[in-house]
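Values quoted throughout were computed directly from the atomic coordinates according to the rules given, and no laboratory measurement underlies them. Only a predicted model underlies this, so the values are computations on that prediction, with no experimental measurement involved. Neighbour counts are summed over all protein chains in view; Cβ atoms, including those assigned to glycine, are modelled from backbone coordinates with ideal geometry.
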Amino acid sequence: MIRRRWIRVVGGVLLACATSATAQSHRPDAMLRQGFEAADAGPDTDAAAARFLGQATFGPNAEDIAHLRAVGYRAWLDEQFAQPVSTQIPYLDWVNGIPGNNVTDDTRLEAWTINALGTPDPSRGMAAPTDQLRQRMAFALSEIFVVSSKNGTLLYQPWALASWYDMLAANAFGNYRDLLEDVTLHPAMGIYLSHIQNQKADPTRNIRPDENYAREVMQLFSVGLVTLAADGTPVLVGGQPQPTYDQATVRGLAAVLTGWNWNNAGCGPGSYTCCTASTYTNCGPNNDYDRPVWRLPMQPIEAYHDTTSAKQLLVYPGVALPAGVLAPGGNAQAELGAALDNLFHHPNVGPFIARRLIQRFVTSNPTPAYVARVAAAFADNGSGVRGDLAATLRAILLDPEARYGQWFDAARFGKLREPLIRNTHLWRAMHALAPSARIVTLTPYPGIEDWYGQGPLRSPSVFNFFRPDFRAHGEVAALGLASPEFQILSDSIGVSTTNRLFSVSFCWYRTGTSYDGSCWADNFGGERTLHLEIAADATLAASDPAALLDRYNLLFLSGQMSPSMRATLLTRLEAITGTNRGRLRLQHALYLILNSPEYVVQK
């Protein structure tokens with residue numbers, strides 16, 4: 001029998017040093033699954049359903065597990081693809097209409113939390129959002145196509161960021177080419193990467209096109225820095241990777257992006273500075289603190305667009321433009337379309353996007369074969385369409401490596417759970433609700449990014465909270481593994497996340513319609529604080545703590561809890577006695593499980 005002397009989380013994997021060389025006693029035998037049924041034929045167990053939902057949603061609960069078992073993977077995906085989009089702007093508008101309420105970026109986080117958890121939405125007559133997969137995809141896209149409130153202008157523009165997130169949600173199952181254009185022309189991105197009001201070159205006035213977005217759209221949103229094979233591995237020439245673009249390409253794309261400005265309904269076509277983010281002069285119909293300006297894509301002002309120079313774009317086999325050069329003379333819209341087509345058809349895009357999305361949903365270190373299969377779905381959805389994100393996501397979640405990878409290469413498979421998703425998982429599994437249905441995101445103070453090191457659209461840079469190729473020092477780097485989420489796992493965030501999960505587990509709970517707390521009251525008297533539903537679990541824990549562990553093994557660990565962990569937890573729970581033993585046992589179980597290495601690494 002295996003005895004572990006220590007357990008360490010490394011690069012999205014668990015490494016265990018044992019006194020015996022026997023296999024993990026809780027790992028299923030892979031040969032019982034391989035070769036007899038397709039990976040997308042399940043789920044055939046509740047544990048398999050829970051594990052799938054752990055990848056595809058903000059956390060499974062018992063009802064979702066039962067529903068997935070009833071309909072199967074394929075039908076569940078079809079259902080989710082058909083769900084209406086849950087958006088944030090209507091929530092901000094609703095709050096803005098309540099006397100005495102101010103809309104801030106924290107109001108936007110209320111809307112995000114309601115959509116992520118699927119709790120009743122007071123702005124929609126208490127209807128609950130049902131598009132879990134779409135919201136999870138929008139979150140993943142927000143960590144690739146980054147816009148952030150850390151920008152000084154956007155910090156005070158909640159409608160801008162809500163509009164941005166709603167755009168990502170609307171495009172989540174659409175086509176990547178459409179997404180790329182919407183990203184490029186959204187004023188929030190125009191502010192964040194400074195290409196709004198970008199002007200054509202004028203050497204006499206020392207004006208040159210801003211290159212910021214031109215560089216980042218290639219490096220971070222589409223093709224990456226080096227030429228890739230279809231499986232995402234670098235193409236080597238003479239043992240060296242080959243760059244996808246050079247400075248001439250950056251300058252060419254920057255010139256394409258000249259002449260784009262706010263979409264100003266009240267401004268004449270000859271004005272380039274009529275409307276700005278700070279003044280809102282004549283922006284939209286109301287001439288005041290007006291929100292529609294943030295919801296409309298940027299419009300071209302041809303007088304400021306470069307029509308005279310030839311523009312070097314990407315060069316690759318089969319490129320539509322001769323030598324990748326865009327001839328002079330086109331207008332802003334036509335040249336933008338040609339440039340985005342040039343990006344879209346580059347062979348790097350499929351494997352580049354495939355790898356980044358796999359890392360957000362499934363594993364930090366997908367095999368080249370996994371990347372190649374997903375990239376193939378991006379290249380052709382089965383009907384000859386390139387860039388279908390729904391087909392790409394289906395391929396990611398139903399791939400054999402996604403469904404069985406934890407059995408075939410356990411040492412390298414998996415990912416560190418993002419701290420924010422650890423919290424949403426707890427809230428969803430325990431059917432958390434706030435008495436007023438509104439949800440304060442700053443309880444207890446300070447803000448969520450101070451507890452978790454991340455918050456939706458609150459990244460410290462365009463590179464997200466963590467880079468996809470980040471490697472933690474030591475064993476991770478020595479093994480050549482990527483461990484993206486470890487980049488925010490600092491000493492302080494590790495402690496604060498644990499403390500936050502203690503507060504959520506122990507401080508706010510309810511039994512049906514009775515809301516209670518055992519720590520402290522927040523500034524809203526608890527009316528906007530999420531409370532965990534504990535009635536049934538507390539009763540179960542009081543009489544049968546072993547059964548409670550079986551339930552939480554399913555909900556949080558997808559049935560993967562090791563015998564040694566279960567025995568340790570059971571000993572702890574059985575030692576808790578007294579009148580409130582049921583509640584205290586479940587609270588201790590939640591806190592210990594959510595901070596255990598076996599849970600923190602998603603397998």
Contact order normalised by length for the chain, with contacts defined as Cα pairs under 8 Å and 6 or more residues apart; what percent is it?
17 percent
Between helix 545-557 and the chain: long-axis angle, C-alpha atoms, 0 to 90°, nearest 10:
20 degrees
Over segment 38-90: Rg over Rh, Cα atoms, Kirkwood Rh
1.03
Quick one: Cα centre-to-centre distance for segment 385-436 and segment 122-148, in angstrom?
15 Å
Under Stokes-Einstein, segment 517-603 at 37 °C and 0.692 mPa s, with its Kirkwood radius over C-alpha pairs, diffuses with a coefficient in µm²/s of 237 µm²/s
Mean Cβ neighbour count within 10 Å, used as a protection proxy, ranking 129-137, 305-313 highest first:
129-137, 305-313
For q = 0.20, 0.27 Å⁻¹, what log10 I(q)/I(0) does segment 330-402 give under the Debye formula with an equal point scatterer on each alpha carbon and no solvent?
-0.77, -1.16
Could you please tell me the mean projected area of the C-alpha convex hull for segment 355-470, averaged over all directions and given in square nanometres to one decimal?
9.9 nm²
Give me the Å³ per residue figure for the convex hull around the C-alpha atoms of the chain.
169 Å³
What is the packing order of peptides 564-571, 488-495, taking the mean over residues of other C-beta atoms within 10 Å and listing the highest first?
564-571, 488-495
What does the convex hull of the Cα atoms of segment 100-182 come to per residue, in Å³, rounded to a whole number?
100 Å³
Roughly what % of DSSP beta bridges within the chain run antiparallel, to the nearest 5?
90 percent
Could you work out, for segment 195-236, what percent of all Cα-Cα pairs fall into each 10 Å distance bin, beginning at 0 Å and stopping at the bin that holds the largest distance?
25, 33, 22, 16, 4
Could you state the angle between the C-alpha long axis of helix 563-574 and the longest principal axis of the C-alpha atoms of the chain, as a value from 0 to 90 degrees rounded to the nearest 10?
60 degrees
Hey, fewest Cβ within 10 Å first, where do 121, 380 land in order?
380, 121
On alpha-carbon atoms, Rg over Rh for segment 131-236 using Kirkwood Rh?
1.03
Please report how far the C-alpha centroid of segment 552-603 lies from that of segment 225-251, rounded to the nearest whole angstrom.
47 Å
